[in-house]
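Here is the structure we will look at.
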Amino acid sequence: MENSGHIVKLYGAWGSPFVHRVIWALKLKGVEYEYIEEDLSNKSSSLLEYNPVHKEVPVLIHNGKPVVDSIVILEYIEETWPHLYPLLPADSYDRALARFWIDFGQQKRPTVHAFCGSSKENNEKTGEKMLETLNIIQDQALGDKKFFGGDSIGMVDLYFGWYVQWFPCFEQLAGLQVLNPSNLPKLHKWAMNFKEEPIIKETLYDSKKLLLHLEGIRKKRYMAAQARVL
Amino acid sequence: MAEVKLFGCGYSPFSRRVEMALKLKGVEYEYIEEDLSNKSPLLLKYNPIHKKVPVLLHNDKPIAESSIIIEYIDETWEGPSILPKDPYERAMARFWVKFIDEKCGVAMWKAFASPGEEGEKAKEEAAQLLKFLEEEIKGKKFFGGENIGLVDIAANFIGYWFGIIQQIAGLELLTKEKYPNLCKWVDGYINHSLVKDNLPPKDKMTEVLKPLAQPGYSGYKPKV
């Protein structure tokens, strides 16, 4: 049994795409875990003890030892359960490429946040930069593959999985749709395929609930950041 | 035709990290020094997305971003391990590298390069963040234990570049009084044979960094 000798707990928060990446990885690998919901406005003493540096979710606890940062956690899950649904390619060069694209996504966060914080009045420029970024991801990272990982979902798919449910909410709030079949045919198809995968499908949120949740986050984080930039 | 080539810049801590990793493994490589104000067509060909150094070329296949390159080097060549073998220790090492690059290093750079209030705030933040590293290095010779590892390599900015920056800016952030263990690590680190032969000369580095401390220059340059 996959879980013999493993006690796995995950501290998360409803609506967090970072937590979701970890949930997807654990489910794809069939790893059983206990989920603990954190109220981020009133963080538990456990969370602060396990993640004193960042004080954030997700935190994975494996046999009592904490691992933090969603990308570090994904690599840890992959190395701890390597034979169950591999999330990274076997070849080390291809692994380097996978890590490169995750890092690319990380480096483009200012562009993404600027778009997420936009409104109908100022979304043209941010939308342009967003499209530029997504074009690179589509043409160079995805190419003609079904998934970033090839025929099956890999770590890069889990990283960009944010685009299938969270991003459309921000598009609605910004009043501009960027990821659509006419702008980005291959990436849009990837998003549809990704959402249809059983493990992914069963974890998706109620869209209306998520939209409301993200509207709050947008006001707090991205609009403030945008105001500094504009 | 060399099997391994490295496009780098002697002043870049990120570039020097990759050189340390290659030297640790005893990998023979051809080094190409880039003039970052006039990047070569080859660099732009091998790293079209970021157009930055370092870029490693192995059997004609390019890899960019120093942390990714170093993990690739560790997986590809025999020799002393750069990352620990145990998955939990590896996760810890990756965590500290991200902490150094994304939080601590950013704040330390801003403390030096950002004017006025932003710089002051960054100084306070850096002082807090360095405490985590002070705690982590306690009782250890290197972050990697008995030998230099991934985190030590990634901390080269803290170990060497920041000392020069402190002098130029008259900053007293990383001091023996406030961070005795971390400063002890700095001494051991910059005198380690792998490191000391792989650092740009202090006077040249001072020349390069001085203009960045002038008012009017702001903004963190995360990678050269």
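Looking only at segment B:17-57, which residues are of a type in the set (Gly, Ala, Ser) and surrounded by 15 or more Cβ atoms within 10 Å (Cβ to Cβ)? If you could, list the steps in order and put the result at the bottom.
Narrowing segment B:17-57 to residues of a type in the set (Gly, Ala, Ser): B:21, B:26, B:37, B:40.
Selection gives B:ALA21 alone.
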Evaluation of B:SER67 against (1) surrounded by fewer than 16 Cβ atoms within 10 Å (Cβ to Cβ); (2) touching a residue at least 60 places away in the same chain (Cβ under 8 Å) (one fails), failing number: (1)
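Restricting attention to segment A:186-218, which residues are part of a loop (DSSP other than H, G, I, E, B) and either closer than 17 Å to A:GLY15 by Cβ or among the aromatic types (Phe, Trp, Tyr) (or both)? Spell out how you get there, then give the answer.
Going through segment A:186-218, the residues part of a loop (DSSP other than H, G, I, E, B) turn out to be A:197, A:202-206.
The answer is A:GLU202, A:THR203, A:LEU204, A:TYR205, A:ASP206.
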Wholly within segment B:26-126, helices (runs of 4 or more DSSP H) carrying at least 1 residues that are more than 11 Å from every other protein chain (Cβ to nearest Cβ) and among the aliphatic types (A, V, I, L, M): B:41-46, B:105-113
Lone unmet requirement of (1) farther than 18 Å from B:TYR189 by Cα; (2) touching a residue at least 40 places away in the same chain (Cβ under 8 Å); (3) touching a Leu at 6+ places or on another chain (Cβ under 8 Å) for B:GLU134: (1)
Cβ-Cβ under 7 Å pairs, at least 6 apart or on other chains, segment A:80-97 side at the interface with chain B (Cβ under 9 Å from one of its Cβ atoms), far side of a type in the set (D, E, K, R) and surrounded by fewer than 16 Cβ atoms within 10 Å (Cβ to Cβ): A:SER92/B:GLU75; A:TYR93/B:LYS61
The lone exception for A:LEU40 - which of (1) under 17 Å from A:ILE77 (Cβ atoms); (2) surrounded by fewer than 17 Cβ atoms within 10 Å (Cβ to Cβ) it fails: (1)
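Residue check: is A:LEU134 in contact with a helix residue (DSSP H, G or I) (Cβ under 8 Å, 6 or more places away or on another chain) and among the aliphatic types (A, V, I, L, M)? Walk me through how you get there before you give the answer.
Numbers: in contact with a helix residue (DSSP H, G or I) (Cβ under 8 Å, 6 or more places away or on another chain): yes; among the aliphatic types (A, V, I, L, M): yes.
When the stated conditions are applied, A:LEU134 passes them.
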Qualifying residue in segment B:127-136 (condition: more than 14 Å from chain A (Cβ to nearest Cβ), more than 21 Å from B:SER193 (Cα to Cα) and touching a helix residue (DSSP H, G or I) at 6+ places or on another chain (Cβ under 7 Å)): no
Meets criteria (under 16 Å from the mean Cα position of the chain (by Cα), within 14 Å of chain A (Cβ to nearest Cβ), of a type outside the set (D, E, K, R) and under 24 Å from B:GLU207 (Cβ atoms)) for B:VAL18: yes
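Examine segment A:210-229 for a residue that is of a type in the set (Asp, Glu) and either in the same structural domain as A:LYS29 (by TED's automatic domain parsing) or surrounded by 15 or more Cβ atoms within 10 Å (Cβ to Cβ) (or both), and state whether such a residue exists. Full working, then the answer.
Let us first name the residues in segment A:210-229 that are of a type in the set (Asp, Glu), namely A:215.
Keeping just the survivors that are either in the same structural domain as A:LYS29 (by TED's automatic domain parsing) or surrounded by 15 or more Cβ atoms within 10 Å (Cβ to Cβ) (or both) gives none.
No.
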Failed item, numbered, when B:PHE14 is tested on (1) in a strand (DSSP E or B); (2) in contact (Cβ under 8 Å) with a residue 40 or more places away in the chain; (3) buried (at least 22 other Cβ atoms within 10 Å of the Cβ): (1)
Near pairs, Cβ below 6 angstrom, 6+ apart or cross-chain, from segment B:161-184 (of a type in the set (Gly, Ala, Ser)) to any residue that is crowded, with 17+ Cβ neighbours inside 10 Å: B:ALA169/B:PHE112
Filtered residue count, segment A:69-79, keeping only those that are within 8 Å of chain B (Cβ to nearest Cβ) and either among the acidic types (Asp, Glu) or more than 18 Å from the chain's Cα centre (by Cα) (or both): 3
Residue in segment A:103-122 that is within 29 Å of B:LYS61 (Cα to Cα), of a type in the set (Phe, Trp, Tyr), within 14 Å of chain B (Cβ to nearest Cβ) and within 18 Å of the chain's Cα centre (by Cα) present: yes
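Is at least one residue of segment A:29-43 among the aromatic types (Phe, Trp, Tyr) and away from chain B (no Cβ under 13 Å)?
yes
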Members of segment A:48-68 found to be surrounded by fewer than 21 Cβ atoms within 10 Å (Cβ to Cβ), among the aliphatic types (A, V, I, L, M) and more than 9 Å from every other protein chain (Cβ to nearest Cβ), listed by number: A:LEU48, A:ILE61
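From the list A:VAL178, A:VAL164, pick out the single residue that is in a loop (DSSP other than H, G, I, E, B), aliphatic (A, V, I, L, M) and either closer than 25 Å to A:PRO82 by Cα or at pLDDT 95 or above (or both). Walk me through it before giving the result.
On the way: A:VAL164 fails: in a loop (DSSP other than H, G, I, E, B).
Answer to the check: A:VAL178.
Got a number for residues in segment A:70-112 being among the charged types (D, E, K, R) and closer than 22 Å to A:THR133 by Cβ? Spell out the reasoning first.
First, pick out the residues of segment A:70-112 that are among the charged types (D, E, K, R): A:75, A:78-79, A:91, A:94-95, A:99, A:103, A:108-109.
Those left that are additionally closer than 22 Å to A:THR133 by Cβ: A:99, A:103, A:108-109.
Of the residues in segment A:70-112, 4 are among the charged types (D, E, K, R) and closer than 22 Å to A:THR133 by Cβ.
The values are calculated or read from the model by the stated rules, or taken from the named source; none is laboratory data. Source: prediction; values computed, not measured. Here the Cβ is made from the backbone with ideal geometry for all residues, glycine too, and neighbour counts use every protein chain on show.
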